[in-house]
Every structure is written in C-alpha cells, then in structure tokens.
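As structure tokens, the structure follows; a few thoughts come after it.
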Amino acid sequence: MGKKSSASTIKSKEKRQARKLEQRRIADGMSNVTSANKLTDLAALCRELLVYRNKDMEVDMYIQRVTELDKNVLEWAINLTERNMRKLYETCAWGWNPERKVEEMTDDSAWYLIAKQNDKLLAFSHFRFDMDFGEPVLYCYEVQVEADGRRRGLGQRVLKVLEKLAHATRMRCVRLTALTHNPSASAFFRACGYILDDTSPSIEEATHYEILSKTTENEGGTDPPIAS
C-alpha cells in the first residue's frame, strides 16, 4: 500500500487527539467524583448557606452520608417522599414501588441535606456525586419539603446549597429528574435557573419525565480546590 495522503494523516492524528482528550476528560471527572465522595465534612464547603432565616422561619441544615444518618430521620425522609410523590408516580409509567424507592434512598452512595426548625424536620435533599453520561455531576434525587415549609424560600435555599457543593467539588452541574405531569415542580426548578439538559429524552422516548440541570460556575473558569 502507498503512503497515506497528508490530509488523511492529519485527520487520523486529529481523531487520536480527540480520543485522548475525551479519555482525559472522563478520567478527570471520575477523579473529581472519587475525591468528592471521600470528603468527610461537606458542610465546610457551604457553611454560610446552612442557616436560613425568613421572617418567622429559622432553619438550620446539616449534611450527612446515609450511612451516618439517624434512623428516625431517614424514616421521616422516606415517609415524606411517599406522601409527596406516591400519587404522581402512580399516574405515570414508573408506578410506585416502595421497596425500590427505599433501596434507592438507602444506597451507600447517598448523601442527605437535612433542614429543620428547632426539632421539627422540614425538608431534605437526597443527592449523590456521580458520573452521568460521561460527566461528573451532583445528581439531585430528591428535594422534598413538608407542607408548612413550602413557598417560603426553603426549597430554593436547598438547591443553592447543592449548587455550591457542585461548584466546590468540580462537578459539571447539578442534574435532576422532573416529572412532566408535576407542573408546579417543573416551574419551580426553572424559576431557580434549571434548563432542559442535553441528556433529557425526547418526547417520543419518554413523555412522563425530563432531565433538568444547572451548570456550575466552573465551566470556562478556574476550578476551585477540593477541600480535604
């Protein structure tokens, strides 16, 4: 066989370089996820946001791995999720499977942000640091608020904490799944700056949910150091 043409050689080199860059990007992302999951004090990355005051509301928040979470708090979180979400799940293709939901919420990789006023539990988020579609993300599995804690800015503050954590740990974005037949939740997330993610399925593929995300400030800027 004769020599490859100059154009063919250049194209081949460009493909190899692109593959190397993609492999490096994924490796860096996996490293960031591993580092984030090894952290022992996530609160140190967002301490200024863990106290929320709004008129008569005085809320304190804390962050723990599911393996460290008080059993009663975990049971409350599971119960609140069922109270808030069961009917919505039952009216879509997923259906409500309590065993599967408990398994998801108690997975060892789960982190919990808990919000309470004095001894009253008001809201929580279940989130994880993970690779999703080749990107390091903070995936928000749940944001659940008790009825008497809604429309008071608490849910928005919970998301701000997640966004700060995503930025501090070099995650690409905060990503979440929203049910399309829960318009109030979709409107809330969009009001908080979340947009349709590139990974969201088409309407033909899935009509009952969509993937939303909010990119961290890391993109195009200097990455912050991950605390030890």
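The values are calculated or read from the model by the stated rules, or taken from the named source; none is laboratory data. Every value quoted in this text rests on a predicted model; they were computed, and no experiment measured them. Here the Cβ positions follow ideal geometry from the backbone for every residue, glycine too, while neighbour counts run over all protein chains shown.
Put simply, of K20, K4 the only residue that is out of contact with any Gly (no Cβ under 8 Å at 6 or more places or on another chain) and either at pLDDT 80 or above or under 20 Å from Y139 (Cβ atoms) (or both) is K20.
For every residue, the table says whether it meets (1) within 30 Å of E103 (Cα to Cα); (2) touching a Lys or Arg at 6+ places or on another chain (Cβ under 8 Å); (3) among the basic types (K, R).
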residue: K11; (1), (2), (3): no, no, yes
residue: Q17; (1), (2), (3): no, no, no
residue: R25; (1), (2), (3): no, no, yes
residue: N37; (1), (2), (3): yes, no, no
residue: Q64; (1), (2), (3): yes, no, no
residue: A77; (1), (2), (3): yes, no, no
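When E90, E103, E22, E82 are screened for being loosely packed, with under 15 Cβ neighbours inside 10 Å and over 22 Å from F129 (Cα atoms), only E90 passes. Scanning the stretch 146-155 for residues being in contact (Cβ under 8 Å) with a residue 24 or more places away in the chain and outside any helix (DSSP H, G or I) gives a total of 3.
Do we find a residue being within 17 Å of the chain's Cα centre (by Cα) and hydrophobic (A, V, I, L, M, F, W, C) anywhere in the stretch 51-60? No, because not a single residue in the stretch 51-60 is within 17 Å of the chain's Cα centre (by Cα) and hydrophobic (A, V, I, L, M, F, W, C).
Within the stretch 183-228, the set of residues being closer than 21 Å to T34 by Cα, modelled with pLDDT of 85 or more and in a loop (DSSP other than H, G, I, E, B) comprises T216 only. Could you tell me whether any residue of the stretch 88-110 is closer than 13 Å to Q144 by Cα and of a type in the set (V, I, T)? For the stretch 88-110, residues closer than 13 Å to Q144 by Cα and of a type in the set (V, I, T): absent.
Number of residues in the stretch 128-152 that are of a type outside the set (D, E, K, R), at pLDDT 95 or above and over 23 Å from E210 (Cβ atoms) equals 1. Out of V137, V143, V158, one residue alone is over 9 Å from the mean Cα position of the chain (by Cα), assigned to a strand (DSSP E or B) and touching a residue at least 12 places away in the same chain (Cβ under 8 Å). It is V143.
Results for (1) within 23 Å of S109 (Cα to Cα); (2) touching a Cys at 6+ places or on another chain (Cβ under 6 Å); (3) not charged (D, E, K, R), shown as yes or no for each residue.
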{"position": "S6", "(1), (2), (3)": "no, no, yes"}
{"position": "Q23", "(1), (2), (3)": "no, no, yes"}
{"position": "E48", "(1), (2), (3)": "no, no, no"}
{"position": "N72", "(1), (2), (3)": "yes, no, yes"}
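Restricted to the stretch 161-185, and to residues there that are closer than 29 Å to D119 by Cα and in contact (Cβ under 8 Å) with a residue 60 or more places away in the chain, the residue that is surrounded by the fewest Cβ atoms within 10 Å (Cβ to Cβ) is K164.
This table checks each residue for (1) among the hydrophobic types (A, V, I, L, M, F, W, C); (2) at positive phi.
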residue	(1), (2)
A44	yes, no
D56	no, no
D60	no, no
L88	yes, no
A93	yes, no
S125	no, no
G153	no, yes
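Counting only helices (runs of 4 or more DSSP H) that fall entirely inside the stretch 1-117 and contain at least 2 residues that are aromatic (F, W, Y), the qualifying elements are 71-90.
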